[in-house]
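Presented below is the structure to which this report refers.
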């Protein structure tokens, strides 16, 4: 009996191919009174032919089987000219190709695309309704513009470093432009389809995972366009910037578990302080019959603020590289502060590597991490001020002050060196 569990088992590939034929054929089975068209049995045979072509691996055989399938489809079409559309024929071609893919090393990819194909065919009416009623012309154009940033401009940019000290990195800078634009794009559609409060919370979570600097920039511009949303925007900005601390711990833990353990008290304290600040400084106050503020995100795409941030980001990169060059890497705290100005990921991983190799103590690295995040918060405070809405940026600045005051106190009370010693002692026991 063939081993179905082996990754390269032909039997498993044929089963996956037939499964695709079954799923797709189920969606094409003609209803009562409808004109005849290829149905379940036809698609199972088509999938089998595609699987045989993929298994044999001979181009002539594959072309012959494909031509036979096309001939049968054309013959049926000629016999029933009353049918309209070519969806069934296109589905048959796709089924043949995906079934063949199931007999290659990319069978998981083929099986996944088969499920996607069946879902597209099964949700026909929902897709039509979504395209006609769910997406406006403006949203469609903005979507094309946003995708153009990613799939047209980004690949054309050079990947190297240019200018003094290699500060000018076109792709890295453009990636931040994409992230800033993505905040408005993702936030707009999340709030549209999931509701204002839930959508903006989800956007904050996504922004925290991707880049809190980009998120803060995007939401600051959104607040400038919708001043009445300043308070809820401040709440979600504080939440996003609070999530940054556990995200950093997870990144650091990959390189240096010792540093991650040492930083837990301070970073957990700052995270909790950030959440508390969001609830206290920007509470959700709803009286009976009152509704929440309108969505912060009014436009799905706006390129100008993203480009302005890109220019500013480039200038800051130059300043950072110059300062780091003259400060040297010997002054760990100075370098941590400078590096954290626009991004904390790189310096976090660097400090983790220093700790793991013994170049830096865990205590110094935790202080460096906290300092980098603090300087990054100062930069984001300046970005938030561009919203020209004190109700937004004052709350965000106050939240940052509370977070880092609590973090500094945690470092003093729970010395990272003692935390590391205690963790080592517990592991030994």
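No lab work stands behind these numbers, since they all come straight from the coordinates. Here the structure is a predicted model, which means the values were calculated and not measured. Don't worry about glycine lacking a Cβ; one is built from the backbone with ideal geometry, like all the others, and counts go over all protein chains shown.
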| task | Could you tell me the largest-minus-smallest coordinate of the C-alpha atoms of the range 162-297 on each of the three principal axes, in descending order and whole angstroms? | result | 55, 38, 24
| request: Treat each spin label as a single point 7 Å out from the Cα along the C-beta direction, and report the residue 151 to residue 209 distance in nm. | output: 2.1
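Which order, highest average first, do 373-386, 143-156, 313-326, 212-225 follow once you tally other Cβ atoms within 10 Å for each residue and take the mean per peptide?
My ranking of the peptides, most packed first, is 212-225, 373-386, 313-326, 143-156.
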| So what are the three principal axis dimensions of the range 1-82 from its Cα atoms, in whole Å, longest to shortest? | 46, 30, 15
| message | Starting from 0.36 nm per residue, how many nanometres of slack lie between residue 251 and residue 353 once their C-alpha separation is accounted for? | response | 35.6 nm
| request: Specify the angular offset, from 0 to 90 degrees and rounded to the nearest 10, of the alpha carbon long axis of helix 257-281 from the longest principal axis of the alpha carbons in the chain. | output: 90
| said: Only counting other Cβ atoms within 10 Å, I'd like 69, 76, 284 sorted with the fewest neighbours first. | reply: 284, 76, 69
| note | Out of 414, 341, 121, a Gaussian network model of the chain with alpha-carbon springs under 10 Å gives the largest mean-square fluctuation to 121
| task | Calculate for the chain the 222 nm mean residue ellipticity that helices alone would give, adding -39,500 (n - 2.57) per DSSP H run of length 4 or more and normalising by residue count, nearest 500 deg cm²/dmol. | result | -25000 deg cm²/dmol
| Given (i) 23.2, 70; (ii) 28.2, 84; (iii) 27.5, 113, the label whose value is Rg and Dmax of the Cα atoms in Å derived from this model | (ii)
| field | Relative contact order %, the chain, counting alpha carbon pairs below 8 Å whose residues are six or more apart | value | 15
| field | Distance in nm between pseudo-label sites at residue 194 and residue 315 (7 Å out along the Cβ direction from Cα) | value | 3.6
